[in-house]
Amino acid sequence: MYSPALKQLIEHEIQLEFQAAYTYRAFAAFFDHPQVGYPGFAKYFRGEADDELKHADAFIKYHQSRGGFAPHDGVPKVENNLTPLAAFRTALNMEISVRDNIVAISDLADPQTVTFIDDYLKIQTDSIAEYTMLITKATRVENNPGGLYLLDLELQK
Ligand SMILES: [Fe+2]
């Protein structure tokens with residue numbers, strides 16, 4: 001049964017996906033600024049934002065197929081003073097929140113939701129590992145402009 005508690009968690013999930021998409025788009029715009037000059041980090045976060053919008057759309061489609069209506073509430077504010085390391089740390093925390101919410105959904109899931117949610121748990125595990133790796137790399141070169149330049153180049157590919 002698509003219980004009210006499960007519905008609420010799915011609606012929260014939709015909001016988390018939109019928040020991640022909006023935040024990553026803001027990160028992309030910041031890194032793409034001519035006075036910031038990190039096109040690789042910009043490209044990376046633009047792609048991440050595209051993925052988050054796809055996740056939001058998938059959860060909306062599922063939610064609506066079960067009779068729910070999609071929330072579009074509140075967008076987070078992004079500071080215009082950002083380092084790549086800070087961006088990756090923020091992203092990791094957002095992805096951990098998404099993972100925790102998906103685990104909560106799994107705990108309440110009916111059989112239809114179990115089938116739907118399965119892929120997203122794997123996506124979160126991969127995403128958390130990827131941001132952890134990027135934090136490791138960005139920490140290594142945190143105070144090294146040449147290293148940051150190389151990491152930016154790596155992400156432009
Ligand atoms: Fe996502």
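Observations
- Within the set ALA56, ALA109, ALA26, the sole residue that is small (Gly, Ala, Ser), within 30 Å of GLU142 (Cβ to Cβ) and surrounded by 15 or more Cβ atoms within 10 Å (Cβ to Cβ) turns out to be ALA26.
- Members of segment 13-32 found to be assigned to a helix (DSSP H, G or I) and among the charged types (D, E, K, R), listed by number: GLU13, GLU17, ARG25
For every residue, the table says whether it meets (1) within 15 Å of the ligand (Cβ to nearest atom); (2) in contact with a helix residue (DSSP H, G or I) (Cβ under 9 Å, 6 or more places away or on another chain).
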| position | (1), (2) |
| --- | --- |
| ALA56 | yes, yes |
| LYS61 | yes, no |
| GLY68 | no, yes |
| VAL78 | no, yes |
| ASN81 | no, yes |
| ALA87 | no, yes |
| LEU92 | yes, yes |
| ASN101 | yes, yes |
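- Any hit, segment 120-133, residues being of a type in the set (Phe, Trp, Tyr) and free of Cβ contacts under 8 Å to residues at least 24 places away in the same chain: no
Where a number appears in this text, it was derived from the coordinates with a stated rule and is not lab data. Being a predicted model, the structure only gives us computed values, none of them experimental. Here Cβ is always computed from backbone atoms with ideal geometry, including for glycine, and neighbour counts include all displayed protein chains.
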